[in-house]
Structures are given as structure tokens and as C-alpha cells.
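One structure below.
The values are calculated or read from the model by the stated rules, or taken from the named source; none is laboratory data. No experiment lies behind these values; they were computed from the predicted model shown. Don't worry about glycine lacking a Cβ; one is built from the backbone with ideal geometry, like all the others, and counts go over all protein chains shown.
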Amino acid sequence: MQTASDRHEYPAHWEADVVLRDGGTARVRPITAEDADRLVSFYEQVSDESKYYRFFAPYPRLSAKDVHRFTHHDFVDRVGLAATIGGEFIATVRYDRIGAAGLPAASDASDEAEVAFLVQDAHQGRGVASALLEHIAAVARERGIRRFAAEVLPANTKMIKVFTDAGYTQKRSFEDGVVRLEFDLEPTDRSLAVQRAREQRAEARSVRRLLGPGSVAVVGVGRAHRGVGRSILDHIRDGGFTGRLHAVNRAFEADRTEIDGVPAHRSVREIDGPVDLAVVAVPAEHVPQVVTECGEHGVQGLVVISAGYAESGPEGRERQRALVRQARSYGMRIIGPNAFGVVNTSPGVRLNASLAPEMPRPGRIGMFAQSGAIGIALLSRLHRRGGGVTGTTGVSTFVSSGNRADVSGNDVLQYWYDDPDTDVALMYLESIGNPRKFTRLARRTAAAKPLVVVQGSGSAPQGHAVRATRLPHATVSALLRQAGVIRVDTITELVDTGLLLARQPLPTGPRVAILGNSESLGVLTYDRCLAEGLRPQPPRDLTTAASAADFRAALAQALADETSDAVVVTAIPALGEGATEDAALAEALRSAAEAAPGKPVLVVHVELGGLAEALSAAASTGPQATTAPATPTTAP
């Protein structure tokens, strides 16, 4: 009897982790002779109806001959793939190469194969069959197969829809009560669009499950408030999380039932009811046990705060790879390890599962950073610049991915693309692992909402699972620019640009009016506008003696001028008697901008420390923020 090794060695490169329609994950891999018991167990859990659809007749159990046939493949003319969760089969697909008469054929005689699926009823509707079809089609093309044929009962509408929705060029016929489908495996524009749409929905849903849990367990909560786990527990509770919260520590006394009013448990297994998200803050050597407990309890996702992974060297890198494999085997996705955490300010969630001591003000700006230090800087800078005082300029969601062993900036982009709570997306990328995929996703996102990116040097920080791009920095910058991404250089520029986009209307053209009380600052602004391809008007110098009323009148005139599309206001401290106070200047600018809300107004200042706060306070009292944050600078 021919075995798999008679033709080809086990094709390990066919193994893959896939994100399903509901955001869970599954492992796709080839079926081998060692899977006999798994196959039998899987088949026993399939309903009689699904078995009937697969074999066109009652087929209550697999014979020994069936089991042998379905587990022994040559990986060329006969291939079987399984989708697994927790090591167990949830779905299978196989193809058999056939000749013109529909009989088995050798690879040198035919480029057509018959394909068949079986999905466990409990997992139907999760997009498993669609994912398996994509993978078996790729395998078939690799083995020289150009066309699939499938016979389906007319009542099996779900399977017919899987084939039809795949987007391949298809021919359909009906004979002897069976629908016969034939389709070419050559990718088409439609099939590629279908795959990318499926990818977007699945990856967005997986992030949504992490950011919008109904129940959270913090694992590693110590008795001392200074510990990481205890701090995160406090932040979630104090932030007003709307769901169920649990504290977990295996060192808790057996009779302890709560800690600061939060139910306490010694293991995730002890929690009654589902847990959607686990925040893991235990030493790295204890994380595998926690992941096992979470997986067995049905936890949907993990935020791993724990350090000691790839950032610590070769041993840590292997520990990180094992962590991802273990989590995905249970269908869980991971943010981290070495993560700062996640935030969702939505009134229906209010989750601050991060090391940020205060819940950020709610708003419509999404933020992503890789390292915790950058995350702290972003949140702090946004808070100091007045983010959130208007209800639009605060944070919608925040993700710090740490070592980004699993969830990366690409996944978050997929989520933001159709997130109704996010109008502006800000990303600080210390490296870009796959610039082509990122720019593809960024192009689509930027067409729907502004996307602002700080691009790092291109060298991945220690510990990042995704290899840094080898493309030159200038090439990546050009790709981002072509994708419609707004690229800036610093955290300050990132936050200020985000606030500008969140508060301001878009200019209708490139014409810029410039006014202020500093001639030199106005000239610098003029030169910078020219360098950026804008059409600035000659700066209007109000002199250092300008009062708040002078600023208001000049701004009102510039906004009414039909030859300008945007206005930049520059300001330096006024000296002497009658000098303009920050609050008075802010109110003057706000009232003028509010009277003509169709144009954006940007305020650039030097050494006016209270102007940004005053502008934010003034804006918060009006019906709509119409002036951009005051941007401190020494040169525009």
C-alpha cells in the first residue's frame, strides 16, 4: 500500500493559522496517517444531515477502509487538509485528481481534481469552509491542478454558496439530482477581492473581540497595589468597565472571594460563566499554564503584559513562538507579549486594560503604538494638547502591541477601516514588517478616514516577531505617500495632526492665508507652505502690539476672503502694558472661527504655554470645535 512518504515528504509549508469570520482562529494543516483517531472522533460529532450532504446517503460511521483512505495521502494527487482547534478537527477538505471520465488520474495525465468538504455543525457559519477552499486551491495550484469539480446536493445551499461566493470563474450543471460545479483555480479580480474582504472581516472581528469584551479576567493580581496585575485591575475598575471583572492569582487563599470588591479566583477555570478577554501579568515561565487554563475555559483572546520573550534573546524568541502556537491552537489571538495594553472608551465598554493610570478622554481618534514607552508618550501628549475636551478629539481605541507576536498594526487597520467610532487613525510604527500589505490596507483605510503615521528608522525593536522591512526608508515613505497616508516625523506632529483632522474641516484648495504678530514667524510659515506645495498668500503682520480684538478682526477677514482656503495664525508673547492674555486670545480666535466654520484654522505659537489649554477650553464651550490645537514650535 502506498503511503504519504512514497510520493512526497510532509509539506510543512502548507500549515497556516487562519482567522475565522467570528474573529476566532484555527490551524490548517495536512491530514496524515496519525490522524485516524481524530478523524473518527470528528466524524462522530457531525450530524446525520451533514453526513448525508457529504456522501449523498445515510452514512452513520466511517469504515476502517474509509479512515485509511481519508488519512493516507500522497500530497500530489490526493491531498487532505483539516482545520483544527485545540488539536481536534473541526472541518476537513480533500481533493482527488481525476481524469476525463471522473476516475482517479495521475499528475501527468490530468490537471483537474474533485473536491469535497465536511464541517462540524457546531462550527458551520464561521467561514471555515471558505478559508479551507482558499488553502486547498493554493495547494492544488502548487501541484499542477488548474480546475476543481464538486458535486453537491441541491438542498446543501450553504456549500453551494461557499463555491459561488469564492469568486472563481464557474460552470454549473444539473444531472441525476446533483448540482455539478466546475471552476478554474486561476485567481480572478473577483476571487482576490473576495479573499481580501474575508480577510478584512475576520481580522477586524478578531480585534473587535479583544477591544470590546463583555467579561475580563486579570491573571496575576497581587495583594500589593504596586504590582502590574493589581494596577491593571485597578485601572479597569476605576475606568468604569461595563462588563464583568475577575481577579485571578493562584496564590490567593482558598477562602478569598474578592479583592477590593472584585471577585477573586485561584484559576480561570474557577470562574462561573464565559470570559472574553484575559489580561496576563505573570512571569513568563507561568504563562503557558495560564494559556492552557484560558483555552480550556473558552477565553476568546489574550493581552499578555508579561515580559521575558523575544526581547530577552534567543531563548525568549522560542518562548514567544511557542506562546503564539499554544494560543492559536485554542482559537485565541494575542496582543503582546510585552504589551502596554488596550483601551476602548466607548460608553458601552469603557475598558482601560493598560498601564495608563487614567482612562483617556473619549473621542474619535484611534491610536496604535508598538512599545509601551511610545504609548505612554502618545496618550500623555494627547491629554496635554487638550484631546477629548470636545467629544471628538479624545481616544476611541488605543492598542500597544508590544512584541506584536500576533496582532499587529495591519490587524488594527482592518478594525479601524469600518469602525464607526473612529474618524481619525494615528500610528507610531517603529518598523513595518510587510510594507506591501501595510500600504494595501493603508490605502483602503485612508480612502475612508485620515491615517497619520510616524515611520521609524526601519530597524525592528528587539523582540518584534515581524521582520523589519528590507526596503530603503525612502522607498517605504514613497509607498506610504502613494497610499494616501499622511506621514509625519515626531510624536508631537502625530498628535497635532490628529487633533487638526478631528476638529477641522478639510480645505477646499491649496490657498493659505497667514496672519500673526511676528513677521519672522510669518515668513517661516510662508516658506514652509511653499515647500509643501501649497499656495500661501503674503503674511499679514499684526505687529507685537496686536490685541485679542486685532487677532479676531484679522482672522474674520481672512476667513471671509474667497481667495483663501485655510488660515494659519502665528503668535508670540506680547510684551508691555496691555499684553494679550492667552485666554483672551483663545476666545477671540475661537469666536472668529466659529462665525465662519467652513475653513480650517491652525494656530502656531512660540512660548505661549497656556494657549493650547485655553484654546481647548474655549473650544469646549462652543457647539463645535473650529480652531485647531495651538502648535508650539520654534519653526513651522
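Points worth noting:
- Verdict on GLU182 being among the acidic types (Asp, Glu) and farther than 26 Å from SER110 by Cβ: no
- Scanning the stretch 411-452 for residues that are modelled with pLDDT under 95, within 30 Å of ARG319 (Cβ to Cβ) and among the polar types (S, T, N, Q), we see that the one that is surrounded by the most Cβ atoms within 10 Å (Cβ to Cβ) is SER431.
- Any hit, the stretch 27-38, residues being in contact with a Ser or Thr (Cβ under 9 Å, 6 or more places away or on another chain), in a helix (DSSP H, G or I) and of a type in the set (Asp, Glu): yes
- Within the stretch 137-158, tally of residues that are farther than 19 Å from PHE55 by Cβ and part of a helix (DSSP H, G or I): 6
- Options GLY261, GLY316, GLY295: the member that is more than 20 Å from ASP234 (Cα to Cα) and at pLDDT below 95: GLY316
- In the stretch 430-443, the residues that are over 14 Å from ASP411 (Cα atoms) form Cβ pairs under 6 Å with partners that are surrounded by 21 or more Cβ atoms within 10 Å (Cβ to Cβ) and of a type outside the set (A, V, I, L, M, F, W, C), at six or more places apart or across chains, as follows: GLU430/GLN370.
- Verdict on LEU506 being touching a helix residue (DSSP H, G or I) at 6+ places or on another chain (Cβ under 6 Å) and modelled with pLDDT under 90: no
- Hey, THR25 modelled with pLDDT of 95 or more, in the same structural domain as ILE136 (by TED's automatic domain parsing) and surrounded by 13 or more Cβ atoms within 10 Å (Cβ to Cβ) or not: no
- Test: residue in the stretch 487-503 that is surrounded by fewer than 23 Cβ atoms within 10 Å (Cβ to Cβ), acidic (Asp, Glu) and closer than 21 Å to GLY456 by Cβ: yes
- Within the stretch 282-323, considering residues that are out of contact with any strand residue (DSSP E or B) (no Cβ under 7 Å at 6 or more places or on another chain) and outside any helix (DSSP H, G or I), the one surrounded by the most Cβ atoms within 10 Å (Cβ to Cβ): TYR309
- Residue, surrounded by the fewest Cβ atoms within 10 Å (Cβ to Cβ), within the stretch 94-125, restricted to residues that are within 17 Å of ASP22 (Cα to Cα) and of a type in the set (S, T, N, Q): GLN124
- Selection from the stretch 175-195 of residues that are in contact (Cβ under 8 Å) with a residue 12 or more places away in the chain and either farther than 26 Å from GLU142 by Cβ or among the hydroxyl-bearing types (Ser, Thr, Tyr) (or both): GLY177, VAL178, VAL179, THR188, SER191
- Test: residue in the stretch 516-533 that is at pLDDT 95 or above, in contact with a strand residue (DSSP E or B) (Cβ under 7 Å, 6 or more places away or on another chain) and in a loop (DSSP other than H, G, I, E, B): no
- Tally, over the stretch 57-72, of residues that are farther than 20 Å from ASN156 by Cβ and in a loop (DSSP other than H, G, I, E, B): 3
- Matching residues in the stretch 131-161 - criterion: being over 23 Å from GLY177 (Cα atoms), among the aliphatic types (A, V, I, L, M) and more than 34 Å from the chain's Cα centre (by Cα): ILE145
- The single condition among (1) buried (at least 24 other Cβ atoms within 10 Å of the Cβ); (2) in contact with a His (Cβ under 8 Å, 6 or more places away or on another chain); (3) not hydrophobic (A, V, I, L, M, F, W, C) that THR393 does not meet is (2).
- Test: residue in the stretch 65-75 that is farther than 30 Å from THR25 by Cα and at pLDDT 95 or above: yes
- Those residues of the stretch 73-91 which are closer than 20 Å to ASP37 by Cβ, in a strand (DSSP E or B) and in contact with a Phe, Trp or Tyr (Cβ under 9 Å, 6 or more places away or on another chain), in sequence order: GLY80, LEU81, ALA82, ALA83, ILE85, GLU88, PHE89, ILE90, ALA91
- Residue in the stretch 156-164 that is in contact with a helix residue (DSSP H, G or I) (Cβ under 8 Å, 6 or more places away or on another chain) and within 26 Å of ASP411 (Cα to Cα) present: yes
- Selection status of VAL128, in the same structural domain as VAL287 (by TED's automatic domain parsing), modelled with pLDDT of 95 or more and either surrounded by 15 or more Cβ atoms within 10 Å (Cβ to Cβ) or over 30 Å from the mean Cα position of the chain (by Cα) (or both): no
- Within the stretch 76-93, tally of residues that are buried (at least 21 other Cβ atoms within 10 Å of the Cβ) and either touching a Gly at 6+ places or on another chain (Cβ under 8 Å) or on the phi > 0 side of the Ramachandran plot (or both): 3
- Residue among VAL290, VAL248, VAL282, VAL262 that alone is β-branched (Val, Ile, Thr) and within 17 Å of LEU210 (Cβ to Cβ): VAL290
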